[in-house]
1. Which pairs have Cβ atoms under 9 Å, sit 6 or more apart or on different chains, and link a residue in the stretch 85-105 that is closer than 16 Å to Leu45 by Cα to one that is part of a strand (DSSP E or B) and polar (S, T, N, Q)?
2. Which residue is surrounded by the most Cβ atoms within 10 Å (Cβ to Cβ), if the candidates are limited to the stretch 147-174 and must be under 13 Å from the mean Cα position of the chain (by Cα) and of a type outside the set (Gly, Ala, Ser)?
3. Does Ala76 count as aliphatic (A, V, I, L, M) and in contact with a Pro (Cβ under 7 Å, 6 or more places away or on another chain)?
4. How many residues, within the stretch 79-97, are surrounded by 22 or more Cβ atoms within 10 Å (Cβ to Cβ) and either in a loop (DSSP other than H, G, I, E, B) or on the phi > 0 side of the Ramachandran plot (or both)?
5. Looking at (1) crowded, with 24+ Cβ neighbours inside 10 Å; (2) touching a Ser or Thr at 6+ places or on another chain (Cβ under 8 Å), which is the one condition that is false for Arg208?
6. Between a residue in the stretch 282-302 that is in the same structural domain as Gly312 (by TED's automatic domain parsing) and any residue that is among the β-branched types (Val, Ile, Thr) and in a helix (DSSP H, G or I), which pairs come within a Cβ distance under 7 Å, given they are 6 or more apart or on different chains?
Amino acid sequence: MFRIGVLTGGGDCPGLNAVIQGIVIRAAQHGYEVLGIEDGYKGLLYGKARKLTPKDVEDIYWLGGTILGTSRKNPAKSEEELKTVIENIKKLGLDVLITIGGDDTLGAAKKLYERGIPIVGVPKTIDNDLSLTDYSVGFWTAIETIADALHKLHTTARSHKRVMIAEIMGRYAGWLTLIGGLAGGAHIILIPERPVDIDEVCRIIKERRERGEPYTLIAVAEGVTIPTVGELVAVSKEKDEFGHVRLGGVSKILEEEIKKRTGEEVRSAVLGHIQRGGTPSAYDKVLGLRLGFKAVDLVKEKKYGYVVVVNGMNILPAKIEEVVGTVRKVPDELHELTNVFTGLYTAPKQ
């Protein structure tokens, strides 16, 4: 029987189980067998897998996280480990591997494909920073979580007449902070694509207070740089297997700077892994199922070395090398949306 392997790699997110269910159901319709690889690429390194039937995945589409587990293991970190992974793929009898993940996971899948392993990819990242796809599974659920958190921060900031800063994920792209900040009504939105001008931030805070609006809510992306630091702020300088440091802490630095320059009472909150958790939104449930179906359809067509991407209402194939390796940034034309709720409006020059 034709056998498909499926794994989830990198950070977890809502909607992964919907993708898995879609893959297993569609595979059964085509008469294929599915093996679920446990704990991402780590499972391939140690040959950990289990058979998945439609009964095994019944109604998992509404569960957060991933039933297969995940890890940030890089199978291409060394030539020896890469060879072991390829050997285990053959031992497990996999005819094709479907990898669900972000740039790191799909980048590693590309290297396996270049070594002769049939690959189909599914984009997954709440950061929404993959090229050629409008949205990645998990993004819109994270937006709902961020917007809800910001609504709650509004009430405490207003009650105490203070400045409140919410630090939001996204690494080097500002999609989560921009869209989540808009949905949550943040007065100031700071994203990596635009240099942070603390003097301008302080000016807006002061002008809002002078106008009778004594509180300000700021949404800041974890990947912004600020003048007093000059580089990305990290919880630890230690790097993962893909060479990334763990970002976090920029909101605390911003808190101290604003307090020093304005005399305002300032508090910061790091939303952290809350943004990854919970039940997927209706959109991510449906998107996950559709991506899973389309991934198996590409397998049936033997269209290997492709990733299924979202283009408007359509799910289309794109070459894996065109999807990975480049961070999709917030375009310039959307930057003006970062000041929608400042309450400060400048009339256009005549």
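1. As it stands, the answer is Thr99/Thr8; Thr105/Thr8; Thr105/Thr99, since those pairs meet every condition given.
2. Pass one, the stretch 147-174, residues under 13 Å from the mean Cα position of the chain (by Cα): 168-174.
Filter again for of a type outside the set (Gly, Ala, Ser), leaving 168-169, 171-172.
Values: Ile168: 30, Met169: 25, Arg171: 20, Tyr172: 18.
The selected residue is Ile168.
3. Numbers: aliphatic (A, V, I, L, M): yes; in contact with a Pro (Cβ under 7 Å, 6 or more places away or on another chain): no.
No; evaluated as a whole, the condition is false for this residue.
4. So the count comes out to 1.
5. Looking at each condition in turn, Arg208 falls short on (1).
6. Sorted first by the residue in the stretch 282-302, then by its partner, the pairs are Asp284/Thr141; Gly288/Val19; Leu291/Val19; Gly292/Val19; Gly292/Ile20; Gly292/Ile23; Ala295/Ile23; Val296/Ile23.
Conditions (1) assigned to a helix (DSSP H, G or I); (2) in the same structural domain as Asp127 (by TED's automatic domain parsing); (3) over 21 Å from the mean Cα position of the chain (by Cα); (4) closer than 20 Å to Gly10 by Cα, marked per residue:
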residue: Leu35; (1), (2), (3), (4): no, yes, yes, yes
residue: Pro54; (1), (2), (3), (4): no, yes, yes, no
residue: Thr66; (1), (2), (3), (4): no, yes, no, yes
residue: Lys77; (1), (2), (3), (4): no, yes, yes, yes
residue: Thr99; (1), (2), (3), (4): no, yes, no, yes
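The values are calculated or read from the model by the stated rules, or taken from the named source; none is laboratory data. The structure presented is a predicted model; accordingly, all values stated were derived computationally and were not measured. Here Cβ is always computed from backbone atoms with ideal geometry, including for glycine, and neighbour counts include all displayed protein chains.
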